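Enquirer: Before anything else, here's the structure in question.
The values are calculated or read from the model by the stated rules, or taken from the named source; none is laboratory data. Note that the structure is a prediction, hence the values are computed from the model and not measured. With ideal geometry, Cβ positions are generated from the backbone for all residues, glycine too; neighbour counts draw on all protein chains shown. Side chains are part of the model used for accessible areas, which takes the heavy atoms of the whole protein and leaves out ligands, DNA and RNA. Shrake-Rupley method; radii C 1.70, N 1.55, O 1.52, S 1.80 Å.
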Amino acid sequence: MHILIYSYNYHPEPIGIAPLMTELAEGLVERGHEVRVITGMPNYPQREIYDGYQGKWYVTEQKNGVTIQRSYLRIKSKPNLVDRLLLELSFVFSSLPQALKGRRPDVIILTIPPLLVTMPATILGWLYNCPVVLNVQDILPEAAVRVGLLENKKMIQALAVLEKFAYRTAHTISVITDGFSENLVNKGVPVNKIVCIPNWVNVNFIQPLPEENNSWRTAHQLNGKFVVLYSGNIALTQGLETVIEAAVRLRQIREIVFVIVGESRALQRLQKYCLLKGADNVLLLPLQPRDKLPQMLAAADVGLIVQKRNVISFNMPSKIPLLLASGRPIVGSVPDTGTAAKAIQLSGGGIVVEPESPDALAGAVQDLYNNPALGKKLGNKGRQFAVENYSLEQALDRYEGLFSHVVANRAPSLSLLSKLDSHKSVVDI
């Protein structure tokens, strides 16, 4: 099968949707499919075009059997609303010529956000007479409105129209939690058009490793410490100030060290907050190369998932499968009615505490510090759950089945999509 993946982010970008789409593309190639990826010049999360890609309109690469066709992006390091719009438009217009350079696909899978990219993907579907599968990783404009990123009423209305267009024109919509399904059905999307395939983790790449002789611990002088790790995107939805304030409350226990790994610009802001609060037990590190990820996760005694109270309920951090697969206990400072809380609780791999509460977060960390057996028990349960529910192989099976179905049946079929979705999402809302 010839599969075209339309994804704004891809390797070598280290976090977000990029690693997931990279694993999906390369996994499909290993199963004998021909995969072409349409993507932008790598820039995330620094919002700067990576060295080697600057000043170029188009780049075509081959990596692990995948053809990667990159196109120009208009990037601003500190974008306002207009800059964000121009960024998406630049990808819309520059990516379409790249997508037309290559063999006709049997199926197109498009990841959103960004929403505007649905336009070139829809055009390609019409031109090639092939189905478009819309992979929804976040629901706009609701998520952006909820956290205050989007306040312009006209822009909100325009995005709502574009959202309806995306759902209407897609042949099938794959979502990552059942909460997404419920949201789309409430917006009038036919239930037989939706299939739930959770995001995944390569459980052979990320697995429990011993803390002893851990190269990452040694490199960062963490041997003998109780490491509380947050790694990933640092955005408005997280509120990492809660983590720093929790660290301050545990300063008297010198063995406990909080480690925050993220994008350099965001770390500069957190560094100022650490100095303001006197948090000398917080180590701030830049994002790590992907090949260091297994050792980094194994270096942790506790992994953190952090969200603000106002995060939309069905938001599902991709860090959860990673932390579960690493065999380390999770402390989730997240809304108790949200998808993240339900995933952590259902896995048995962690503890959920009140969001934006430094006292609650510090208390949970101290409980795990004082009770190593509990941490080990939670970690073991989380690992087992990840293997049984979040493995890359399961995701590949389901996407292969989905693609075969939509290619063979241009009109959505309730019975077949229901069969694909019979292994229900591990999170029900």
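Enquirer: Given TYR44, TYR50, which one is in contact with a Gly (Cβ under 9 Å, 6 or more places away or on another chain), in a loop (DSSP other than H, G, I, E, B), open to solvent by 30 Å² or more (accessible area, probe 1.4 Å) and at pLDDT below 95?
Expert: Result: TYR44 is the single residue among TYR44, TYR50 that is in contact with a Gly (Cβ under 9 Å, 6 or more places away or on another chain), in a loop (DSSP other than H, G, I, E, B), open to solvent by 30 Å² or more (accessible area, probe 1.4 Å) and at pLDDT below 95.
Enquirer: Follow-up question, since we're still on this one. When residues of region 262-297 are filtered for being open to solvent by 80 Å² or more (accessible area, probe 1.4 Å) and either on the phi > 0 side of the Ramachandran plot or in a loop (DSSP other than H, G, I, E, B) (or both), how many remain?
Expert: 1
Enquirer: Of the numbered conditions (1) over 18 Å from the mean Cα position of the chain (by Cα); (2) open to solvent by 50 Å² or more (accessible area, probe 1.4 Å), GLN394 satisfies every one except a single condition; which is it?
Expert: That leaves (1) as the condition not met.
Enquirer: From the residues in region 312-333 that are among the hydrophobic types (A, V, I, L, M, F, W, C) and open to solvent by 10 Å² or more (accessible area, probe 1.4 Å), which one is nearest to the chain's Cα centre (by Cα)?
Expert: Among them, the one singled out is MET316.
Enquirer: May I pose another question? Against the condition open to solvent by less than 20 Å² (accessible area, probe 1.4 Å) and without any contact (Cβ under 8 Å) to a residue 24 or more places away in the chain, how does ALA341 come out, does it pass?
Expert: Yes.
Enquirer: Please name all residue pairs, on different chains or six or more residues apart, with Cβ atoms under 9 Å, provided the first residue is in region 124-140 and is touching a residue at least 60 places away in the same chain (Cβ under 8 Å) and the second residue is of a type in the set (Ser, Thr, Tyr).
Expert: Pairs that qualify, where the first residue is touching a residue at least 60 places away in the same chain (Cβ under 8 Å) and the partner is of a type in the set (Ser, Thr, Tyr), are LEU124/TYR6; PRO131/THR172; VAL133/THR172; VAL133/SER174; VAL133/TYR399; GLN137/THR111; GLN137/SER318.
Enquirer: Restricting the first residue to region 20-37 and requiring it to be in contact (Cβ under 8 Å) with a residue 40 or more places away in the chain and open to solvent by 10 Å² or more (accessible area, probe 1.4 Å), which pairs with a second residue that is among the hydroxyl-bearing types (Ser, Thr, Tyr) and part of a strand (DSSP E or B) meet a Cβ separation below 9 Å and a spacing of at least six or different chains?
Expert: LEU20/THR111; GLU34/THR67; ARG36/THR67
Enquirer: A further question on this structure: Is region 79-97 home to any residue that is surrounded by 20 or more Cβ atoms within 10 Å (Cβ to Cβ), polar (S, T, N, Q) and under 27 Å from PRO294 (Cα atoms)?
Expert: No, there is no match, as no residue in region 79-97 is surrounded by 20 or more Cβ atoms within 10 Å (Cβ to Cβ), polar (S, T, N, Q) and under 27 Å from PRO294 (Cα atoms).
Enquirer: Of (1) buried (at least 21 other Cβ atoms within 10 Å of the Cβ); (2) in a loop (DSSP other than H, G, I, E, B), ASN223 satisfies all except one. Which?
Expert: ASN223 satisfies every listed condition except (1).
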